[in-house]
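Working notes, structure below.
Nothing in this text is a laboratory measurement; each read-out follows from the coordinates by a stated rule. Quick caveat, the model's predicted, so the values are computed rather than measured. Glycine gets a Cβ as well: all are built from the backbone with ideal geometry, and neighbour counts include every protein chain shown.
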Amino acid sequence: MFAMAAKRLGYRVEAITDAADCPAAHHADRVHVVEFTDEAAIARIASGLAAVTFEFENVPIEAARALAAVVPCRPNPEVLFTTQDRARERAFLMHNGFPCTPHRVVRSREEVVAAVADLGLPAVLKTAAFGYDGKGQRRLDSIAAVNAAWDELGPAPCVLEGWVDFECEVSVVAARDATGAVAVFEPSRNVHSRHILDLSSAPAGLPGRVLDEARSLTARLLEALGVVGVACVEFFVTRSGTMLVNEIAPRPHNSGHLTIEACETSQFEQQVRALCGLPLGSVRQLAPAAMANLLGECWAGGEPDWQAALAVPGVSLLLYGKSEPRPGRKMGHLTALAPTIEEAIVNVTRARALACRTP
């Protein structure tokens, strides 16, 4: 999606990847297949580029720093270093006064038990590094669950988070350029299924003061991190309307995919603009929008019925070009625009059900 946006603006795109058949390969001018741990090879590739950005944050920090020694990297690798580890991310939030979930960093079974005694149950144990879409995390409801979770996730450092009785989750995508200018998209309300984002919708249908706080906190976070590029901040909204930062993603985000159809400038075009020194575009949303993920399960009965899905008013389809559908794997998404957010949600949900032939 970044490559598609960059090509529309006239740029040549090269992908550095550890998988030759990555989705960007279908749109890039050149693809470099290399192990992310091969810093020398990555540095050689970078010498032929004008600038580099990242598709996900789990790039080995040594490789990212090798890139930055040769070519401008946006965001800076130190942003990745902070956000790719939950313990470092939480320390950054606490140090800079941002509200976040109650938590403890734990490195042993004894520390987990002590943290549970401090924070109480239920709680969630998460690996500090390399967790996404529910991977590397377990809900704890009993001491027996605590021991079982540590047996599975330890002895790597983990973060124990106290349970948050939240009303909903929202995410805010924003872009920041090299001059410090920030453009913040409309917050999206997110619904998850099996820890994987299922549906995002904007407007989020929350009070103005809550949305204003979400936008303000996001802009301040990007400034404090020194982000140049696009980032997403996920928030828990408590039942009292308090915002708690759950996670920071220093890249375009799944919940922001609806900006492709719904906004004057998509999150991916903003990423290109910030990377290449262009002014940030308008983030004005043109219509209420809802986005539904298409997971590998949708292919269980054969090719989905795209004809039926696209017959639903206001619905568009974007497939990522991944070669193999697997359960839980994001293969693409549907987006619906409509006069009201309620209608957009109904239409995108119906379109997905028709495509995947589900009741």
> Residues of the range 283-340 being in a loop (DSSP other than H, G, I, E, B), closer than 18 Å to residue 354 by Cα and of a type in the set (Val, Ile, Thr), which ones?
Replying inline: 312
> Give me the pairs: first residue in the range 206-229 and part of a helix (DSSP H, G or I), second residue of a type in the set (Ser, Thr, Tyr), beta-carbon distance under 7 Å, and six or more apart or on different chains, which are they?
Replying inline: 225/82
> For the range 311-345, what are the residues that are among the aliphatic types (A, V, I, L, M), surrounded by 15 or more Cβ atoms within 10 Å (Cβ to Cβ) and within 17 Å of residue 261 (Cα to Cα)?
Replying inline: 312, 315, 317, 318, 334, 336, 337, 338, 341, 344, 345
> Which residues, taken from the range 145-168, are within 20 Å of the chain's Cα centre (by Cα) and crowded, with 22+ Cβ neighbours inside 10 Å?
Replying inline: 159, 161
>> What's the total number of residues in the range 258-282 that are within 21 Å of residue 52 (Cα to Cα) and in a loop (DSSP other than H, G, I, E, B)?
In response: 7
>> For a quick check of your reading of the model, give me the residue pairs whose first member lies in the range 249-269 and is over 14 Å from residue 285 (Cα atoms), whose second is surrounded by fewer than 23 Cβ atoms within 10 Å (Cβ to Cβ) and among the hydroxyl-bearing types (Ser, Thr, Tyr), with beta-carbon atoms closer than 6 Å and at least 6 apart or on different chains.
In response: 250/83
